[in-house]
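Visitor: First, the structure itself, so that you have it in front of you.
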Amino acid sequence: MTTTDQEQPPARSALAGRWIDHWEPEDPSFWERTGARVANRNLWFSILSEHIGFSIWTMWSVLVLFMGPEYGIDAAGKFFLVAVPTLVGAILRLPYTFAVARFGGRNWTIVSALLLLVPTILAAIVIQPGTPYWVFIAVAAVGGLGGGNFASSMTNINAFFPERKKGWALGLNAGGGNIGVPVIQLIGLLVIATAGTGAPRILLGVYIPLIVVAAVFAAVKMDNLTSVKNDTGAFRESLQESQTWVMSFLYIGTFGSFIGYSFAFGLVLQNQFGRTPLEAAAVTFIGPLLGSLIRPVGGTLADRLGGARVTFWNFLAMVAATAVIIAASASDSLGLFTAGFVLLFVLTGLGNGSTYKMIPAIFRGQARVAIAGGAEEAAAYLRARRISGAVIGIAGAVGALGGLFINLAFRQSFLTTQSGDTAYWSFLVFYVVCAVVSYVVYLRPAPADATAPRAAYAGV
């Protein structure tokens, strides 16, 4: 039985969940008749679950603001503490990506949401002075569960939308999820301002019922796509694609920067500029909030102007913003430093949207070349959807490692120079390299005798 004309697909069984057997988003009549309604419904409830996942993933960036001298953890120890969930979340993004194919997008959203209860409850148990440092490290590692939700959510939503809508849909999905970072920082600010730094459990208590609500909504409102299930071959094919690794590298520069700075910014303000926990918390949410809100704009600009063009110019702007931060650090100007970092957050958000738009566009370009060479159209475009979904997961995992590198760079910089200057210079150089890669691979004019793959990537 198919569900071509039904917004609410029938359940196969109580455990199997709701499955849609026929899904053709590139067919305009199908999309107008029922596809848009179903896709948008899944998008909104995917955003809810992913949003809370981001909050739990980054909760230790807020909890460290509650950890005063009585905890006995220095600046380097705190940078390492917030780096741990970054690493675990990045690693988990790979299995989370393919969990969608194994269990179904709706089913895995329920499971991944409920798993967030584990790090939240554990943190509430251990967050007190006298807890051994290794226990904090272990519990922070479990917080990495929240980082995996992004990959499964993006892979799932990618399959629901047609090519012409992917930039907007993926940007909105990711941006709504990313807002989980400033939201938990704002709640942390409210707790510190009203109850003080001795009440971190209030922050954690807010999220336990929200996690349950997200899981319930996923169960009631979301669907699984049969066309995505058990597509393990897409992972193997995507690993052999050079574009997988190019896009993963670029995503280190965009999302890796966003998540890394989200974890580190409050600690940098405390340790380089002597801000109190309340003063740091009052500022740290601004950059992640603006970076999250502007992410759909990056996707929309990529839809209109081309993802590669937006990404290239965005990296050049990130170079300029980092130069502002370096100058502000040298002059000890807190105002200029904060403005530079907020601008950098905004640019990471734009770049997040444009790079993720590039992934489906790249493989759809490959499909067009294959069709021109005689391949069957439906099969070529199906492959493009399959491979782009897998690459989105891989790029999300590799890109998240950028957050680890940023926190380790800050840790080493503060250990050796008591400031972040060395780290800022390394970030600037990396953004220059990303801009060069964007231009050479995607924007450099193709010669008249360009190979088919090179022609496919032109104009992405």
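The values are calculated or read from the model by the stated rules, or taken from the named source; none is laboratory data. All of these numbers come straight from a predicted model, not from anything done at the bench. Here Cβ is always computed from backbone atoms with ideal geometry, including for glycine, and neighbour counts include all displayed protein chains. All accessible areas refer to the heavy atoms of the entire protein, side chains included, with ligands and DNA or RNA removed. Shrake-Rupley method; radii C 1.70, N 1.55, O 1.52, S 1.80 Å.
Visitor: What are the ³J(HN,Hα) couplings of the range 399-406, residue after residue, when phi is run through the Karplus curve with 6.51, -1.76, 1.60 and θ = phi - 60°? Round to Hz, x for glycine and proline.
Guide: x, 5, 4, x, x, 5, 4, 5
Visitor: Against the longest alpha carbon principal axis of the chain, how many degrees, from 0 to 90 and to the nearest 10, is the axis of helix 421-438 turned?
Guide: Approximately 10 degrees, to the nearest ten.
Visitor: OK, next. Using the heavy atoms of the protein chains and a 1.4 angstrom probe, tell me the accessible area per residue for the range 305-351 in square angstrom.
Guide: 34 Å²
Visitor: Right, here's the next one. Apply the a/c threshold of 1.5 to the C-alpha gyration tensor of the range 306-361 and tell me whether it is rounded, prolate or oblate.
Guide: prolate
Visitor: Once the other residues with Cβ under 15 Å from the Cβ of residue 288 are scored (Lys, Arg +1; Asp, Glu -1), what is the net sum?
Guide: 0
Visitor: On to the next question. Extending each Cα 7 Å along its Cβ direction at residue 429 and residue 213, get the distance between those two points in nm, one decimal.
Guide: About 4.7 nm, to one decimal.
Visitor: Between the helical axis of 334-372 and the dominant principal axis of the chain, each derived from Cα atoms, what acute angle in degrees is found, rounded to the nearest 10?
Guide: 20 degrees
Visitor: Read phi for every residue in the range 373-386 and hand back ³J(HN,Hα) as whole Hz from Karplus 6.51 cos²θ - 1.76 cosθ + 1.60, θ = phi - 60°, with x for Gly and Pro.
Guide: Ordered by residue, 3J(HN,Hα) equals x, x, 5, 6, 4, 4, 5, 5, 6, 5, 4, 4, 5, 4 Hz.
Visitor: Under a plain spin-label model, where a point goes 7 Å from the Cα along Cα-to-Cβ, how far apart in nm are residue 37 and residue 316?
Guide: Between residue 37 and residue 316, the simple spin-label model gives 4.7 nm.
Visitor: Could you list which residues have their amide H under 5 Å from that of residue 224, counting only those 5 or more apart in sequence or on another chain, with H placed in the peptide plane?
Guide: 18, 19, 20, 106
Visitor: Post the alpha-carbon centroid distance, the range 118-187 to the range 49-79, in whole angstrom.
Guide: A separation of 13 Å, based on Cα centres.
Visitor: When the Karplus curve 6.51 cos²θ - 1.76 cosθ + 1.60 is applied with θ = phi - 60°, which whole-Hz ³J(HN,Hα) does each residue of the range 300-308 get, with x for Gly and Pro?
Guide: Per-residue couplings from phi come out as 5, 4, 5, 4, 8, 9, x, x, 5 Hz.
Visitor: Next question. Would you compute, from DSSP H runs of 4+ residues alone, the mean residue ellipticity of the chain at 222 nm, taking -39500 (n - 2.57) per run and dividing by the full residue count, rounded to the nearest 500?
Guide: -25500 deg cm²/dmol
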